[in-house]
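First up is the structure itself, then whatever we jot down about it.
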């Protein structure tokens with residue numbers, strides 16, 4: 001496709017200023033979305049001390065680039081667009097992926113609006129975007145709608161974002177070692193059944209550790225989150241009667257300490273000794289300790305490698321196909337060196353589009369995200385700290401991407 005002069009001029013100017021060529025949000029929705037993005041940037045600026053200066057700075061830089069670049073290409077008719085939307089869990093990773101993709105595809109104005117999984121799936125099914133991010137696989141009714149949206153084809157569901165969830169605590173004086181906790185002990189801590197940190201159940205798996213006589217203060221998300229859903233799925237699958245609650249995006253207990261969004265939860269943990277909570281591992285600062293969870297006879301600390309390993313040992317979901325690579329996470333695995341407290345977020349696309357341009361752009365974008373450079377870009381601890389997919393999974397993903405084509409007339 002012929003390059004747009006305005007885009008090239010804008011991008012070259014951005015390169016000279018060392019700003020990333022990133023389009024976070026669709027050009028056709030410029031006024032509303034830019035204001036939303038700048039508002040988010042302002043909020044992150046105020047919260048940068050909690051979330052980490054590097055991550056917040058990179059996000060703000062991307063949002064500044066949005067304003068400059070979107071205005072630069074608004075009048076361009078020769079530029080193709082690749083709009084996406086969905087899970088906010090992928091926002092930081094997707095920002096990095098969009099930037100990397102545009103390095104080699106400057107004429108494809110690529111965007112991602114982190115509106116949430118459910119809204120993103122609905123936008124995808126309504127043909128408002130060409131791809132979506134979702135923390136959950138599509139439901140049966142959505143799959144039926146997807147056939148019409150995908151011009152008689154099927155939806156493609158690719159597990160391209162794997163995020164380990166850390167169980168973090170504020171217990172100064174314990175050093176950098178990980179507390180070793182069995183799933184039922186973790187459940188008892190969060191369910192209010194263990195109330196002191198020197199409880200015998202904790203001491204049993206931590207010989208030689210001087211545990212403080214402090215009250216246990218569990219901290220959860222105030223808002224509904226996929227992190228809560230995945231954490232409670234882990235507890236329900238592994239802790240037996242110690243966790244009597246169903247998995248849910250909403251924390252099942254009332255009267256607890258809580259924080260809004262990840263930054264608020266981390267801030268609550270940092271604000272008081274004796275607290276314990278759960279959060280995206282990449283956003284947990286070194287000032288907090290993290291749990292090595294019991295897996296079989298071993299205890300496994302949180303790491304991207306161990307998180308990716310649990311995906312590899314997990315079976316496909318019952319309705320998985322060669323296009324829908326959905327996973328039935330083995331939360332109760334006993335395989336060594338696996339960390340089962342993870343969030344998988346899928347990238348959704350169609351196996352059929354109605355024109356060659358959309359097919360080429362979607363395939364190129366998905367291929368970059370799945371590639372080793374793409375996965376490593378998001379895995380950088382200063383970016384998203386996600387777990388890169390394995391080579392075996394990448395081969396299956398590439399095979400699925402290869403089936404995306406133009407619909408028959």
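The values are calculated or read from the model by the stated rules, or taken from the named source; none is laboratory data. Keep in mind the model is a prediction, meaning the values are calculated, not measured. Using ideal geometry, Cβ is built from the backbone for each residue, glycine included, and neighbour counts are taken over all protein chains shown.
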Practice task
Name the residue, out of 111, 127, that is more than 13 Å from the chain's Cα centre (by Cα), on the phi > 0 side of the Ramachandran plot and at pLDDT 95 or above.
Solution key: 127
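Between 403, 395, which is surrounded by fewer than 21 Cβ atoms within 10 Å (Cβ to Cβ), within 21 Å of residue 316 (Cβ to Cβ) and under 23 Å from the mean Cα position of the chain (by Cα)?
395
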Problem - Every residue from region 176-234 that is out of contact with any strand residue (DSSP E or B) (no Cβ under 9 Å at 6 or more places or on another chain) and under 22 Å from residue 162 (Cβ atoms) - result: 224, 225, 232, 233
Handout entry: Residues that are at negative phi, within 17 Å of the chain's Cα centre (by Cα) and not in a helix (DSSP H, G or I), drawn from region 77-108
Key = 84, 85, 87
Practice task
Determine whether region 190-200 contains at least one residue that is under 28 Å from the mean Cα position of the chain (by Cα), in the same structural domain as residue 251 (by TED's automatic domain parsing) and buried (at least 24 other Cβ atoms within 10 Å of the Cβ).
Solution key: yes
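I'd like the residue in region 324-336 that is over 21 Å from the mean Cα position of the chain (by Cα) and in contact (Cβ under 8 Å) with a residue 40 or more places away in the chain and, out of all such residues, is surrounded by the most Cβ atoms within 10 Å (Cβ to Cβ).
Filtering first and then ranking leaves 335.
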Practice task
Please verify whether region 366-382 includes one or more residues that are surrounded by fewer than 17 Cβ atoms within 10 Å (Cβ to Cβ), part of a loop (DSSP other than H, G, I, E, B) and not assigned by TED's automatic domain parsing to the domain that holds residue 157.
Solution key: no
Exercise for the section: Give me a count of the residues in region 109-124 that are closer than 13 Å to residue 83 by Cα and part of a loop (DSSP other than H, G, I, E, B). Expected result: 2
Practice task
Considering every residue within region 292-303, establish whether at least one is closer than 23 Å to residue 160 by Cα, in contact (Cβ under 8 Å) with a residue 40 or more places away in the chain and buried (at least 21 other Cβ atoms within 10 Å of the Cβ).
Solution key: yes
Exercise for the section: Would you please list the contacts, defined by Cβ atoms under 8 Å and residues six or more apart or on different chains, that run from a residue in region 252-263 that is free of Cβ contacts under 8 Å to residues at least 24 places away in the same chain to a residue that is loosely packed, with under 13 Cβ neighbours inside 10 Å and in a loop (DSSP other than H, G, I, E, B)? Expected result: 252/246
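A quick yes/no check of all residues on (1) exposed (fewer than 12 other Cβ atoms within 10 Å of the Cβ); (2) in contact with a helix residue (DSSP H, G or I) (Cβ under 7 Å, 6 or more places away or on another chain); (3) under 25 Å from residue 342 (Cα atoms):
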site	(1), (2), (3)
140	yes, no, yes
146	no, yes, no
159	no, yes, yes
166	no, yes, yes
171	no, no, yes
